1. Could you please let me know if Glu122 is at pLDDT 95 or above, charged (D, E, K, R) and in a helix (DSSP H, G or I)?
2. Which one is modelled with the highest pLDDT, of the residues in segment 72-104 that are within 16 Å of Asn27 (Cβ to Cβ) and charged (D, E, K, R)?
3. Determine if segment 31-48 includes at least one residue that is among the aliphatic types (A, V, I, L, M), open to solvent by less than 20 Å² (accessible area, probe 1.4 Å) and within 20 Å of Leu87 (Cα to Cα).
4. Kindly evaluate Lys65 against the criterion of being at pLDDT below 90, out of contact with any Pro (no Cβ under 9 Å at 6 or more places or on another chain) and farther than 14 Å from Ala147 by Cα.
5. Quick one: in segment 62-73, which of the residues that are in a loop (DSSP other than H, G, I, E, B) and within 17 Å of Gln88 (Cα to Cα) is most open to solvent (accessible area, probe 1.4 Å)?
6. Considering only segment 173-189, state which residues are in contact (Cβ under 8 Å) with a residue 40 or more places away in the chain, of a type outside the set (Gly, Ala, Ser) and either farther than 9 Å from Tyr121 by Cβ or surrounded by 19 or more Cβ atoms within 10 Å (Cβ to Cβ) (or both).
7. Of all residues being of a type in the set (A, V, I, L, M, F, W, C) and farther than 13 Å from Leu75 by Cβ in segment 15-30, which is most open to solvent (accessible area, probe 1.4 Å)? Just the residue, please.
8. Is it the case that segment 200-209 has a residue that's surrounded by 19 or more Cβ atoms within 10 Å (Cβ to Cβ) and closer than 25 Å to Cys54 by Cα?
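The values are calculated or read from the model by the stated rules, or taken from the named source; none is laboratory data. Only a predicted model underlies this, so the values are computations on that prediction, with no experimental measurement involved. As a convention, Cβ positions derive from the backbone with ideal geometry for all residues, glycine included, and neighbour counts pool all protein chains shown. Keep in mind that these areas ignore ligands, DNA and RNA; they rest on the heavy atoms of the full protein, side chains included. Shrake-Rupley method; radii C 1.70, N 1.55, O 1.52, S 1.80 Å.
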Amino acid sequence: MDFAHLALLNKHQYRLINEMAPEEVVNHLMASGTLLEHHGNEIKKYLDYEEKNCALLKLLKQQGKSAFEKFLEALKETRQCQLLELLQEQCPKVGSGQQMQQVDSSDSFVDKLKKLEENEYETALTRSLSYICITLAIKEVLKQMEAAEVIENTTLEKIRSEKLFYNQHRELVNYLMQSNKNTFGVFVDALISTGQTKVAKKIADLSSCS
């Protein structure tokens, strides 16, 4: 799958996980050959629809260049119009084969954050630690990071074991400072898709302070 398509799925992962009806989407993807039978069985073994959607998105991201377009067609056929429109914001035509335009970067600070090197985002996180600890809504961020497989269960348990949200936030920042750029990028995507743009912008602003 193209990087731009992956970025778009990551950007809207929160809504896809929480709003998509997976069963018929999986059937359509199997019928089109995008997913194989064992992929479908892997997804359908989960009882919770959110877990099904996590598994579906994980497998979808591993497929070829046509997978994203087939996914849009599956959403269209299953009449999940809101999600289809969400993903079509940079992809106006389903089935046209037209190259998808670059993911909208009107929030230029997001691009800025994703271009930071390891020492730069560590510095930005350190500078914005107090703001993050006070402001962050951590629950959905952790769910997205877990779905993207950039955080291990032991780390999640350690963070969630803290009784105060402030301490949970501090533990997450400590983990991010020890992690790679991909993990930090998923964290940024999670902030944007959960409506925590102000937190992301604060980190970006403090990354360029002298």
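1. No; evaluated as a whole, the condition is false for this residue.
2. Looking at the filtered set, the residue picked out is Glu73.
3. yes
4. Criteria met by Lys65.
5. Among them, the one singled out is Lys65.
6. Of everything in segment 173-189, those that are in contact (Cβ under 8 Å) with a residue 40 or more places away in the chain, of a type outside the set (Gly, Ala, Ser) and either farther than 9 Å from Tyr121 by Cβ or surrounded by 19 or more Cβ atoms within 10 Å (Cβ to Cβ) (or both) turn out to be Val173, Leu176, Asn180, Phe184, Val186, Phe187, Val188, Asp189.
7. For segment 15-30, the residue satisfying everything is Met30.
8. Yes, segment 200-209 has at least one match.
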